[in-house]
Structures are given as structure tokens and as C-alpha cells.
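Heads up, the thing below is written out as C-alpha cells.
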Amino acid sequence: MLGKPWVRHLLMLFVVGNSAVLAADSSVLKPRVPPDQIEKAKTWRNPFPATPDNIEKGRKIFHGKAFCVTCHGRDGKGLGNIPGLRGQLPRNFTDQAWQAARTDGELFWILKNGSPGTDMASFIPLVLTEEEAWQVLLYVRSFGRR
Ligand code: HEC
């Protein structure tokens, strides 16, 4: 029965369909910082504690001058319908697996350098000071606790 062409076809669909889902997840979790810089980036610590005051400063930056909201959305889930966006979709900050996979230092590296090959641009120093970048990252982290 496995030899029948339509059965093989169904099996193929099952296997290919499943691995596509797995590939989508692991592509989001794959580190964005290049291998020669990631160990250093992982040692950078957020100098600001996650107090309600500091998270509020980050919230204002996210929705205001840094316009993060235009791609990552009000709910932090990432908008899927941005005209002209190339490559990866904006990150879903409510994804717990992604939150756990990243150190604060790696996220800071992204705000400094952008995510190579995607539309996630560099924000330090043109849009954000380093202090503001750490504050907005406190807000990004807060999506993982909702
Ligand atoms: C023009 C749309 C756009 C804007 C504006 C934008 N982002 Fe992104 N962002 C993206 C995209 C696209 C990705 C996915 C990149 C990838 O998969 O590597 C991303 C990914 C990220 C990541 C995840 C990187 C990782 O390691 O997985 C962080 C953190 C992030 N953005 C923070 C921000 C913050 C904070 C702001 C505002 C200062 C911002 N983004 C503004 C499009 C945007």
C-alpha cells in the first residue's frame, strides 16, 4: 500500500508541511549577532533596573520618537502587512521562546547595528542614545511577561 503513488504523495505533504513549520520557528531563534561578536555582546548588561518608571520611559520611546510601533505593533506581536518590507517579518516580542533565546546584550547589538539582511535598521546613535536604547529594551522585555 505504501507503494501506491497517492499514498507516497500524502506522506510527502505531511513531512514537508511539518518541517516548514519547524523551519519558521528555528529561523526566528537563530542568533542574529555574527559569530565573531556574539560572545562579547552577551556580556553587555542593561544598566537600568526594570522599574515601572524605566519601562514607562521605554514605552514612550517605542511609541514615539523611535517609531518601533510602526513595525512591531501596539501589542508587540509584529505587523505582517507592511508594504515594501523585505526579508524577515518584524519580531513578535510576545514569543516566549524568542525572549528566552536572547540576552539583553544581543538585543542591544541589534539596536546598534540593525539585523543584517533585514529591514530592522540601526537606531544608535541616529535615533537613540545608548541610555534610551536600554530603556526601550526594558519595554521590549515587558511584552514577554504579559
Ligand atoms: C521598518 C520596520 C521596523 C522598525 C521601525 C523597527 N523594527 Fe525591529 N525588527 C524589524 C524586523 C523586520 C525584524 C526581524 C529581523 C530579523 O528577523 O532578524 C526586527 C527585529 C527586531 C528585534 C529582534 C532581533 C533579534 O535578535 O531577534 C528587536 C529586539 C527589535 N526589532 C527591536 C526594535 C526596536 C526597539 C525598534 C524601535 C527602536 C524597532 N525594532 C523598530 C522591523 C522593524
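For the range 97-144, which GluC sites (Glu not before Pro) are both in a DSSP coil and crowded by at most 13 other Cβ atoms within 10 Å? Could the numbers behind the result be given before it?
On the way: sites: E106, E130, E131, E132; in loops: none.
Qualifying residues, ordered by number: none.
Name the trypsin sites (Lys or Arg not before Pro) in the range 30-87 that are in a loop by DSSP and that have at most 13 other C-beta atoms within 10 Å, would you? Walk me through the numbers before you get to the answer.
Working: sites: R32, K40, K42, R45, K57, R59, K60, K65, R74, K77, R86; in loops: R32, K42, R45, K65, R74, K77, R86.
Taking the range 30-87 and a limit of 13 other Cβ atoms within 10 Å, the loop trypsin sites (Lys or Arg not before Pro) found are R45, K65, R74, R86.
Straight-line reach from K40: which lysines have Cα under 23 Å away, leaving out those fewer than 8 places along the same chain?
Partners found: K30, K112.
Based on the mean of other beta carbon atoms within 10 Å per residue, what is the order of 89-95, 121-127, most packed first?
Numbers: 89-95: 19.0, 121-127: 14.3.
The packing order, highest mean first, is 89-95, 121-127.
Leaving out ligands and nucleic acids, note down the accessible area per residue over the range 32-145 with a 1.4 angstrom probe, in whole Å².
For the range 32-145, the solvent-accessible area averages 55 Å² per residue.
The values are calculated or read from the model by the stated rules, or taken from the named source; none is laboratory data. Values in this document were obtained by computation on a predicted structure and should not be read as measured data. Neighbour counts run over all protein chains shown; Cβ positions are idealised from the backbone, glycine included. Just so you know, the surface numbers come from the protein's heavy atoms only, side chains and all, with ligands and any DNA or RNA stripped out. Shrake-Rupley method; radii C 1.70, N 1.55, O 1.52, S 1.80 Å.
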